[in-house]
Structures are given as C-alpha cells and as structure tokens.
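Since the structure comes first, as structure tokens, the remarks are kept for the end.
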Amino acid sequence: MPELYFDPGTLDEAGCPAWISALAGEEHDPNHLVHVVRDLEPADALELLGVDRQAIRPCELPTRNPGELTPLARAAIHPLNPTVVLMAARIGDWTFIYDDLGETLCLWHLPDRPPMDATEALSIKGKVAATGNIAITGQVGFTYAVNGKILVQETEDVPSSTELGENTPAKVRAAVKAAGIFDSGDDYGVSMRMICALAGLPRTLDELRQIPLLVAPLDSRPYLFRP
C-alpha cells in the first residue's frame, strides 16, 4: 500500500475520491456509502444487503455531457428510477458495493436479528469487511469487522494515525496512513479514501470503467419506513 493512495488531482473539493463523487452527481448533497468485503462475490454481497437477486444486472457506466447533473449510478440503471441504487464489482480479493443513498448502513430485513450493522453482516463466516460513509449532515464514519465482530467503529470523525487505539488492526492503520490528510477545512472524504486504500479500489473514473460492474435497485421501503 503506497504512503499516499491518491494524488491531489483525483480528489474533489472535499477530499473525496472524484469517481465516487461522479457516481453521486453534482445535484446531490454528499451522502456516500461504500462497503468492501473480502472473498464474497458481488452478487452474493448485493443479495445480503437486501437486493432481489433476479434484479441484478451487468452495468456499463454511461458517458455524459459536461454540465449534466444526473448521477452516474442513476443513469446506469435507467429507465428504472428506484429509491436506492447499489453498484458492485470484484477487484482482486475484494468486492465493493456503492450505495447511492446511504441506506444500507444498517440492515433491517435480516430475519435472525434485525437491525444489524451491515459491515458486521458482510463479515460473517470468516470474512473481512469495512464501510465508509459520509452523511449529508457532514458526519463521517468508518467501520471495520472480522468474522462477524466489529473491531473499529468511528461514527463521528475518523482519527489520524496518531490517534488510533492500541488494538487497531494493522490494515486499518495502513489505510489511515494511505488516506493522508486533505488540507481544506473539514476533511469529509477521509473515510472514502481509507476504504479505497484498504481494498485497492480505483483511483479514477476511467479505472472504474474498466471493471465489470453489477447494478441493482434496492427496495428501500423496509429501511425508510421502519418502525
């Protein structure tokens, strides 16, 4: 893992990887969520997060004209217009899942023990999983779990490498170091940079376009209208 994973030119004005911002589109407030999990196929990960397996389909990211504001994740699933769009791909040992509304942070559909932290659920059966998120309120979060147990969970701010606890896993320490510090006021993109560094995710939108992608709608009614 390089000392710094991203060059400044591959980040947006908030320090978030520009390809993640491009998926959301300029008309949306930042509300990014990316899960990563080792040794789990993209379709299986999508199904675990609540997608109907029959609704999963291959995805080719469309091109768009300068100034067009439609989020790429939405354009990729057109003409459908679901409440939530999930996009997933396998990169080496890791699968990543992009959630365009941030609705899969907590899973309410699992029959055994709802609600359940999505990172915890993805890591069950010996897996390693992590989640980075940015809420529209500006809250930044990062969660890391192994074999169904959460080992790191930061829900207000992501600490620097000098502020990590003694028991922080080495891979998380390395991801924090590789994410670096974005010197532009509040660093809202740090958890997204950490997730990318941890799992070796793309640095640019062009790199993302070279990866076979899956896309699927998520029926978010159990999430949005939970009791």
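So which of 197, 129, 145 ends up being within 16 Å of the chain's Cα centre (by Cα), at pLDDT 95 or above and more than 29 Å from residue 82 (Cβ to Cβ)?
On the way: 129 fails: more than 29 Å from residue 82 (Cβ to Cβ); 145 fails: more than 29 Å from residue 82 (Cβ to Cβ).
Matching residue, one of 197, 129, 145: 197.
Can you pull out the residues in region 125-141 that are among the hydrophobic types (A, V, I, L, M, F, W, C) and crowded, with 18+ Cβ neighbours inside 10 Å? Lay out the reasoning, then the answer.
Going through region 125-141, the residues among the hydrophobic types (A, V, I, L, M, F, W, C) turn out to be 128-130, 134-136, 140.
If the condition is that a residue be among the hydrophobic types (A, V, I, L, M, F, W, C) and crowded, with 18+ Cβ neighbours inside 10 Å, then 128, 129, 130, 134, 140 are the ones that fit.
With the requirement that a residue be touching a strand residue (DSSP E or B) at 6+ places or on another chain (Cβ under 6 Å) and either of a type outside the set (Gly, Ala, Ser) or not in a strand (DSSP E or B) (or both), what does region 127-144 give you? Give the steps one after another, and end with the answer.
The initial filter retains those residues of region 127-144 that are touching a strand residue (DSSP E or B) at 6+ places or on another chain (Cβ under 6 Å), namely 127-134, 140-144.
Listed by number, the residues that qualify are 127, 128, 131, 133, 134, 140, 142, 143, 144.
Determine whether residue 37 is in contact with a Leu (Cβ under 6 Å, 6 or more places away or on another chain) and in contact (Cβ under 8 Å) with a residue 60 or more places away in the chain. Let's see the steps before the verdict.
Numbers: in contact with a Leu (Cβ under 6 Å, 6 or more places away or on another chain): yes; in contact (Cβ under 8 Å) with a residue 60 or more places away in the chain: yes.
Yes.
Looking only at region 183-215, count every residue that is hydrophobic (A, V, I, L, M, F, W, C) and either free of Cβ contacts under 8 Å to residues at least 24 places away in the same chain or part of a loop (DSSP other than H, G, I, E, B) (or both) and tell me the total.
Residues of region 183-215 hydrophobic (A, V, I, L, M, F, W, C): 190, 192, 194-199, 201, 205, 208, 211, 213-215.
With either free of Cβ contacts under 8 Å to residues at least 24 places away in the same chain or part of a loop (DSSP other than H, G, I, E, B) (or both) added as a condition, the list becomes 201, 211.
Of the residues in region 183-215, 2 are hydrophobic (A, V, I, L, M, F, W, C) and either free of Cβ contacts under 8 Å to residues at least 24 places away in the same chain or part of a loop (DSSP other than H, G, I, E, B) (or both).
Report every pair of residues separated by at least 6 positions or lying on different chains whose Cβ atoms are under 7 Å apart, first residue within region 168-182 and within 19 Å of residue 150 (Cβ to Cβ), second in a helix (DSSP H, G or I) and aliphatic (A, V, I, L, M).
171/198; 175/194; 175/197; 175/198; 176/194
Among the helices (runs of 4 or more DSSP H) contained in region 1-81, which hold 2 or more residues that are at pLDDT 95 or above and crowded, with 20+ Cβ neighbours inside 10 Å? It would help to see each step written out before you state the result.
Numbers: elements: 18-24, 42-48, 72-77.
Fully inside region 1-81 and qualifying: 42-48.
Of a type in the set (A, V, I, L, M, F, W, C) and modelled with pLDDT under 95: is that true of residue 205 in this structure? Working first, answer last.
Working: of a type in the set (A, V, I, L, M, F, W, C): yes; modelled with pLDDT under 95: yes.
Yes.
Answer yes if at least one residue in region 103-118 is over 16 Å from residue 148 (Cα atoms), in a loop (DSSP other than H, G, I, E, B) and of a type in the set (Phe, Trp, Tyr), and no otherwise.
yes
The values are calculated or read from the model by the stated rules, or taken from the named source; none is laboratory data. Here the structure is a predicted model, which is why all the values come from computation and not from measurement. Please note: Cβ atoms are built from the backbone with ideal geometry, for glycine as well, and neighbour counts cover all protein chains shown.
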